[in-house]
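The values are calculated or read from the model by the stated rules, or taken from the named source; none is laboratory data. Just so it is clear, the structure is predicted and the values come from calculations on it, not from any experiment. Cβ coordinates were reconstructed from backbone atoms using ideal geometry, including for glycine residues, and neighbour counts include every protein chain displayed. Accessible surface areas use protein heavy atoms only, side chains included; no ligands, DNA or RNA. Shrake-Rupley method; radii C 1.70, N 1.55, O 1.52, S 1.80 Å.
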Amino acid sequence: MTTARPTMLTYVHETPSVLRAQLESDAAAPLARAFLEGTHTRVRIVACGSSKNAATIARPYMRSVLGREVDIVEPYTFCAYEREVTSDEFAFVVSQSGYSTNALAALAAIREEGERAIGVTGDVASDFAGASDLLVDYGVGVELVGYVTKGVSALANFLCLFALDVARAEGRIDDAEREREVARLSGVADALADVAAQAPGALAARYKELTSLERVFMVGAGANYGIACEGALKFGECLQIPATALELEEYLHGPNLQLSPDYAVFFNLVGARDHARGRQLVEATRLVTDHVFVLTDDPASADPDVALAPQGDSLAAPLALLPYYQTLAYQLTDDRHLWHKHPLVSAFDRAVSGKSENYVDREVL
């Protein structure tokens, strides 16, 4: 008897239990302890790809809870332009695989600056182990598909939990407030499971449109913008179509002039502060194209593609939207037999690699 190989959807459906396990075990405690060993006035997260998108999703929550600025920078840019790490800055490098060459270079750069190299990874047996002065496992577990899904959600959840742990230790919140916030994050895991359950029906309802996507905008603000970034990445790498992530209001200042009836625009509008402006932009966009997709908790939204229970002003709730984009990226790619890339892409891969020589490709695709 053979065991079915895992797919992106396997990991999408594992995600809620992973998020709950992180909360129950307080997976972020080691990183919070490292932060509390010094006096830090800001946080810098060095990450790229889906890890950067996860940090972008978590950033509004982190800024609010920590009461500090949170910066996100790509590893190459960090090494080439921004490697100065001051004593009051808490910097750490993220790589889910632990073998990304740019992330390893960032750890080396931090050591060269005389600071502690802190690595956050999903694989503590990876090259990150030797490259880090402090190695933190963020609790994602195994993910054998290169188009990561649960790793994105788990990292965003981990970063929110890190902020809570620091805030509690500093007395910014008390035990009861921390418990309430952990319960809210657990509620986000529940909402994520609900979106995963809604996604197949949302795909089926607009299947003709979704199998014909050619030009895509994904729009959102705050954590919703991070969702747009990850959705655009998944559509680009899986479906091989141009997909652009835009901040909610930035969409109105130039990019909207590209619109035509063949464009598809996805609006991420979870959280009360974006509802009013979001409705205006949705209705204006529908004057140009019928291919408008709305993911929201706004009770006033007419026939959204994904509907969440009202989330109030929660800064973490947009995280729940990820399974929609992950499910579409997987299913549309599979249905259209798009897993294989242009034959010349293999030449690109041979010419330059983003993984270290110790990386063993275990990908099931």
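Before moving on, here are some points about what is shown:
- Residue in region 220-229 that is β-branched (V, I, T) and open to solvent by less than 30 Å² (accessible area, probe 1.4 Å) present: yes
- Restricting S301, S260 to those that are among the small types (G, A, S), over 17 Å from the mean Cα position of the chain (by Cα) and either surrounded by 14 or more Cβ atoms within 10 Å (Cβ to Cβ) or under 20 Å from V12 (Cα atoms) (or both) reduces the list to S301.
- Residue check for A309: outside the structural domain of D123 (by the TED database), open to solvent by 60 Å² or more (accessible area, probe 1.4 Å), among the aliphatic types (A, V, I, L, M) and in contact (Cβ under 8 Å) with a residue 40 or more places away in the chain: yes
- Qualifying residue in region 338-359 (condition: within 30 Å of S17 (Cα to Cα), of a type in the set (D, E) and out of contact with any Phe, Trp or Tyr (no Cβ under 7 Å at 6 or more places or on another chain)): no
- Subset of region 4-25 (residues that are open to solvent by 40 Å² or more (accessible area, probe 1.4 Å) and in contact with a helix residue (DSSP H, G or I) (Cβ under 7 Å, 6 or more places away or on another chain)): H13, E14, R20
- Among the residues of region 198-216, just one is in contact with a Pro (Cβ under 7 Å, 6 or more places away or on another chain) and either free of Cβ contacts under 8 Å to residues at least 24 places away in the same chain or more than 16 Å from D290 (Cα to Cα) (or both), namely A199.
- One residue alone among V142, V148, V136 is part of a strand (DSSP E or B) and either open to solvent by 30 Å² or more (accessible area, probe 1.4 Å) or touching a residue at least 24 places away in the same chain (Cβ under 8 Å) (or both), and that residue is V136.
- You will find that of Q311, Q331, the residue that is touching a helix residue (DSSP H, G or I) at 6+ places or on another chain (Cβ under 8 Å) and part of a loop (DSSP other than H, G, I, E, B) is Q311 and no other.
- Test result for S87, at pLDDT below 95, of a type in the set (S, T, N, Q), open to solvent by 20 Å² or more (accessible area, probe 1.4 Å) and within 22 Å of D165 (Cβ to Cβ): yes
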